[in-house]
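The values are calculated or read from the model by the stated rules, or taken from the named source; none is laboratory data. Small disclaimer: the values here were computed from a predicted structure and weren't measured. Note that we place each Cβ from the backbone using ideal geometry, even for glycine, and neighbour counts take in every protein chain shown. We work out accessible area using only protein heavy atoms, side chains counted, and drop any ligands, DNA or RNA first. Shrake-Rupley method; radii C 1.70, N 1.55, O 1.52, S 1.80 Å.
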Amino acid sequence: MTEPEGAVVVLIQGVVVVLVQAVVVVSSRVRDRISNIKRPLRDDEISALVNYGSEEESGEEDEGITQSIVLPRVARMFMDQEDEEVEEGCVNITLDWPPQPPRPSVCDPIPASPALASPSSASLTPDLRIPMEPSDKFKFEWRAFPMPQIEPHLKRELFLQNIGPTISFTNPYEAFTAKWDREIMEVIVRETNIYAQQLTTTMLEDGTICPNSRITRWQDTNVSEVYRYLAIVLAMGVLVKSRLEEYWNTSKDIFNSPGFSTEMTFDRFQLLSKCLHFNNNSNCDPALLTRPQAKLFKVQPILDHLNAKFSQLYNLSQNIALDESLTMWKGWLDINQFVRNKAATVGIKTYEVCESQTGYLWRSEVHAGHDTLTVEGDPVSGIIPTLVLRLLNGLEHKGHTVWMDNFYNSPALARELKVRGFDCVGTLRTNRQFVPSELAAITKKNMTVGQVFGCTSGDVDLLVWRDKNRVAFISTYHGLATTRCGDTLKPTVVKDYNICMGGVDRKDQQLAMYPIERRRTRVWYKKFFRKLLNASVLNSYILLNKNLPLSHRKFRKALIIDLLAAFRTPAPNAPIQAAVHTPAQYGFIKPGKPDRFKRQCVVCKKRTITYCKACNVAMCVFTCYEPYHINF
């Protein structure tokens, strides 16, 4: 072959290669275009898909759908998104995780998109629907936010829940006793009486009991007395004094408070406080309990009862906050926690779900260690995600928005909550699993004030915003929406977070005005019981305030008065005194008895054996009887 002929052959081969590459590119574009169609495919499109499809797809059925499918809000929001150029620092995403659809509705048919199908079901027949289970729920492929932005309310879960009390109340007494009903009060009475007997037996065996010990004067309590005891404890939060005995001060001065001694003696109050108990010590078997259960054994019945009552009596509004609260306890305690941003700093930590607007406590859990095992490969089986899902149990698929700080939030948890019908918003630690490294690498130095970086996976949005410091946010519906605060333009998620996150802090602020748990005690669970009692009163106030507007302080005062009036013990009949003042001699003093049996005269202080029947005081008949009745 001559040299010119060889050059022509090489040129023809090059042209052929170019044409083949062009055909591959065209086929790829056709395939991509067909895969992005959001309507039933025509016959020619189906033919094109079959001709240009891969070998794995060639044996499957057509992707054409002749019947519309109703998809949930999570899936519908992806249909309006168009392919945009990827911003720097974000990678493109193709959604291959379809959320579980709700029950179909014929009122609002929405055509399905092949992009929503899982890889294992790339083609659907008219009789098939979107798979109910996700193919890979925790596969996050981040991309830039689409333009124009999708309105946040279109991505947010639909909230149709009735808000407010489930039962109507007419006065503070009804709202309070709906939680502290006779059932739980009988448990407290029974366990208190049992513990008093156990305590007396232990003191007798140890030889620590004295003739003058209060426990020797113990009498079994009853429901009425325990209600009065709670009323007195609540009154101590309204009328605050520095020492306990000052509440029983009956001196005729400005510090007088006779109402406490009228309702209960100081010794009886001290005795009830010492013997107050909620669970039988004999039933505590460490072999049958986990470590957290054993630590909370003494107060667990009250926790379980109040959590059940709080959730039964009130329907939360759309915005709920999940945060920690701290009960101050400076003594040694195995479950003590240090929380820097709380007023108490050191104490018993509780995880609480509260309504953002009112601070209503819906459920709480005491931090007493963790016994949850992490399942390998399951991002929501860890300690924190399991805690969040446990606290929110019973609120699924109602459209609530959960506001949390960066201690709880993660992309995996946000997606799991979205599957369960929640929206999730809050701050985020960028070292969490599934956060793209490009976003985590952004520092304060890389940003100017007011600058925002972000990406989305469709149902979960991540933002990094620079104010004075770099702050990261996660949201399931906000996107890049902005709002103007004064002269500053901020992401809407920042403003909403500042408004809705303070539910637990709002509750703690209202309780701080009535510090009934401030009283000193050596037993941690009794102080924690007082905190639960205080929180239940605030919840009762919120329940009643929906129908009867009343200030918090007036509510507490009315509740205390109603409790004392309802359970006050009838006063015993007073002894009939002699109508005539007559001197008489004590019958128990016999002739020949020593002088120590004589009584001291009320006038001259000498010892005598005579007294006045009407006055019932000792006095000398011949020298002091007449002056006493004239001058006194």
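Give me a count of the residues in the range 517-560 that are over 25 Å from S356 (Cβ atoms), surrounded by 21 or more Cβ atoms within 10 Å (Cβ to Cβ) and β-branched (V, I, T).
So the answer is 1.
Does W465 satisfy the condition of being touching a Leu at 6+ places or on another chain (Cβ under 6 Å), surrounded by fewer than 23 Cβ atoms within 10 Å (Cβ to Cβ) and either touching a residue at least 12 places away in the same chain (Cβ under 8 Å) or not aromatic (F, W, Y) (or both)?
So W465 does not fit the description; no.
Condition (residue is crowded, with 20+ Cβ neighbours inside 10 Å and either touching a residue at least 40 places away in the same chain (Cβ under 8 Å) or farther than 19 Å from F145 by Cα (or both)) applied to the range 431-446: is it met by at least one residue?
Taking every residue of the range 431-446 in turn, none turns out to be crowded, with 20+ Cβ neighbours inside 10 Å and either touching a residue at least 40 places away in the same chain (Cβ under 8 Å) or farther than 19 Å from F145 by Cα (or both).
Restricting the search to the range 184-239, which residues are without any contact (Cβ under 8 Å) to a residue 24 or more places away in the chain and under 25 Å from V537 (Cβ atoms)?
R190, L239
Hey, could you check the range 305-323 for residues that are open to solvent by 20 Å² or more (accessible area, probe 1.4 Å) and assigned to a strand (DSSP E or B) and say which is nearest to I384 (Cα to Cα)?
Of everything passing the filter in the range 305-323, N319 is nearest to I384 (Cα to Cα).
Residues that are touching a Pro at 6+ places or on another chain (Cβ under 9 Å), closer than 28 Å to L244 by Cα and at pLDDT 95 or above: does the range 266-278 have at least one?
yes
When K298 is evaluated against the numbered criteria (1) under 25 Å from the mean Cα position of the chain (by Cα); (2) closer than 19 Å to K527 by Cα; (3) part of a helix (DSSP H, G or I), which criterion, by number, is the only one it fails?
So K298 meets the others, but not (3).
Scan the range 336-361 and report the pairs whose first residue is on the phi > 0 side of the Ramachandran plot and whose second residue is of a type in the set (F, W, Y), with Cβ atoms within less than 6 Å and a gap of 6+ or a chain change.
From residues that are on the phi > 0 side of the Ramachandran plot, the pairs are G347/W329.
From the list L413, L387, L392, which one is surrounded by 15 or more Cβ atoms within 10 Å (Cβ to Cβ) and in contact with a Pro (Cβ under 9 Å, 6 or more places away or on another chain)?
Exactly one residue qualifies, and that residue is L413.
Just to verify a result, which residue in the range 339-354, among those that are farther than 17 Å from L322 by Cα and in a loop (DSSP other than H, G, I, E, B), is most open to solvent (accessible area, probe 1.4 Å)?
The qualifying residue most open to solvent (accessible area, probe 1.4 Å) is R340.
Need a quick list: helices (runs of 4 or more DSSP H) entirely within the range 201-286 having at least 3 residues that are aliphatic (A, V, I, L, M) and surrounded by 12 or more Cβ atoms within 10 Å (Cβ to Cβ).
223-238
Can you run down the residue pairs with Cβ atoms below 6 Å, 6 or more apart or on separate chains, where the first is in the range 250-278 and in contact (Cβ under 8 Å) with a residue 40 or more places away in the chain and the partner is open to solvent by less than 30 Å² (accessible area, probe 1.4 Å) and polar (S, T, N, Q)?
Every condition considered, the pairs that remain are C275/T192; L276/T192; H277/T192.
When the residues of the range 447-462 are filtered to those that are more than 25 Å from the chain's Cα centre (by Cα) and β-branched (V, I, T), which remaining residue is least open to solvent (accessible area, probe 1.4 Å)?
Across the range 447-462, the extreme among qualifying residues is T456.
Go through (1) assigned to a helix (DSSP H, G or I); (2) in contact (Cβ under 8 Å) with a residue 12 or more places away in the chain; (3) of a type outside the set (A, V, I, L, M); (4) over 30 Å from Y477 (Cα atoms) for D496 and report which single condition fails.
(4)
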